[in-house]
Structures are given as C-alpha cells and as structure tokens.
Amino acid sequence: MVGTARPGLIIFLNGTSSSGKSSIAGELLEVLDEPCFHLPVDAFHAMRTRREIDPDELPAVLRRTWAGFHRAVAGMAAAGNNVVVDHVLSEEWRLLDCLELFTAKDVVLVGVHCALDELHRRERARGDRPEGLAARQFELVHAHGLYDIECDTTTTGPRDCARQISAFLPRRPTPTAFEQLRAKLRPDLTTPAPEAAGPS
C-alpha cells in the first residue's frame, strides 16, 4: 500500500535562473542507480493557461503556483518516489513552506553556484529569460547560507556536478541542512522531546 511506502529522497537543487540546475537534474537521472523523477517548477508554470493575467493578480497567481509545486513534490516523495527538484529560493516564504512540507531528514540541499558574468552570458544566449533576472536573484537565493553539498557550474559541467552529488549521497550528514534550517527558521515545527518520567 502507498501509505506504507518509505518516503523518497528529495534532491533539492537551489540556484539562480540559468545557473544550470535543470541540466544537472537531467544528468542526475542518468547517473543515479535508483529510479528518480525530475520535477521542474518551469513545468508547473508552463501548465498554466496562456491567457494574459492582470498585473495586479499575477503575484498571487505565481505564489499559488509555487505553493502547489511544493505540495506536488511533497506528495511524490511521501508516496516513496525519489525526486530531483530545481528551485529558486529568492523569496523567504518559499523556503519556509518547504521546511514545513518536506521530511527534513530526507532532503539533500544542493547549492548551485555560478559566476555573475557567466550568468549574464547564458541569459543572453538563451533569450528566453528577462534580462537581468539572474542578477536580481543573485544575492537572495543563497541567503539562508547552509547546504549539504555545493557545486559551481562556472567551470564544472552538469555531468560532473551530478557525479559529485551522486557520490555524496551515501555519506550525507546528520543532521541534514534541512533539519538544521527547520530547527532555526521553523522552531514551531520542532516537536520537543518527551520529558523523562520521574521516580514513582
């Protein structure tokens, strides 16, 4: 039964737009031994109706999209699926929401870094992102300052980054970065240890 499945692993790739997260995710699906699903947030945005949205309504629509994305990831992992997520933690509430929804010990938080000038170059080459988007996200996405493993795509290709992450998985730390962040940023979710029973 689904309810008895062991929660799946969430490999959480966080970095700016154009930092190479999706490319790493694609390579991870090739190098990991166990079946794994890539859940990109761009796919969720692409599923939305193409009708033009009133600018005043757009922030709420985007927030609901991100919130739904988080819950879809949590649901896939809860059913026992291993999931690779590419994310942009450029707004604080996104991290707080994930800390509440995901099983913290089963999340591997990966920082995906890239030099700003290389991000500019990739953005121009892609032509499908607003100019300067990565620069606006640059100081925000890593503000929480804690990862299980980090990689830099400025000079390291996606296959090598995926191999580094794959090699790290068997020796991931305890507590995980997500467990530490949960205790720090969402103490309301931390269950206190039961008090020891006194002498009868």
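Structure notes:
- In plain terms, if you count all Cα to Cα distances in the chain and split them into 5 Å steps from zero, the share in each step is 1, 7, 14, 18, 20, 16, 11, 6, 3, 2, 1, 1, 0, 0, 0 percent.
- Among 17-27, 79-89, the order from most to least packed when residues are scored by Cβ within 10 Å on average: 17-27, 79-89
- Cβ-placed point charges (K, R +1; D, E -1), dipole of the chain about Cα centre in debye, nearest 20: 260
- Amide N proximity, region 58-93 versus R126 label position 7 Å along Cα-to-Cβ, cut-off under 17 Å: 85-91
- Euclidean distance of C-alpha centroids, region 25-72 and region 133-183, integer Å: 19
- Cα centre as origin, Lys/Arg/Asp/Glu Cβ charges: region 24-132 dipole, Debye: 240
- Spacing of the two label points (7 Å from each Cα toward its C-beta) at S166 and D54, in nm: 5.0
- The tail of the calculated P(r) for region 1-73 beyond 15 Å holds 67 percent of all Cα-Cα pairs.
- Stretchable slack from R64 to D117, in nm (0.36 nm times residue separation minus alpha-carbon distance): 15.9 nm
- Calculated [θ] (222 nm, deg cm²/dmol) that DSSP helices of n ≥ 4 give over the chain, each run adding -39,500 (n - 2.57): -12500 deg cm²/dmol
- Burial order of peptide ranges 52-61, 116-125, 99-108 (average beta-carbon count within 10 Å, highest first): 99-108, 116-125, 52-61
- Amide hydrogen neighbours beyond the local backbone of H38, cut-off 5 Å, H modeled: V84
- Residue-normalised accessible area of the chain, expressed per residue, 1.4 Å probe, Å²: 56
- Relative contact order, whole percent, for the chain stands at 32, derived from Cα pairs under 8 Å and 6 or more residues apart.
- Rolling a 1.4 angstrom probe over the chain with all protein chains present gives an accessible area of which 53% lies on carbon and sulfur atoms.
- Proportion of all alpha-carbon pairs of region 62-108 beyond 15 Å (%): 39
- Solitary cysteines of the chain, where the nearest other Cys Cβ is not under 4.7 Å: C36, C98, C114
- Dipole-positive endmost among F102, L119, L89 within region 79-129 (Cβ charges, Cα centre): L119
The values are calculated or read from the model by the stated rules, or taken from the named source; none is laboratory data. As the structure is a prediction and not an experimental result, all values here were calculated from the model. With ideal geometry, Cβ positions are generated from the backbone for all residues, glycine too; neighbour counts draw on all protein chains shown. For the accessible areas, the whole protein counts, side chains as well, though only heavy atoms, and no ligand, DNA or RNA atoms are used. Shrake-Rupley method; radii C 1.70, N 1.55, O 1.52, S 1.80 Å.
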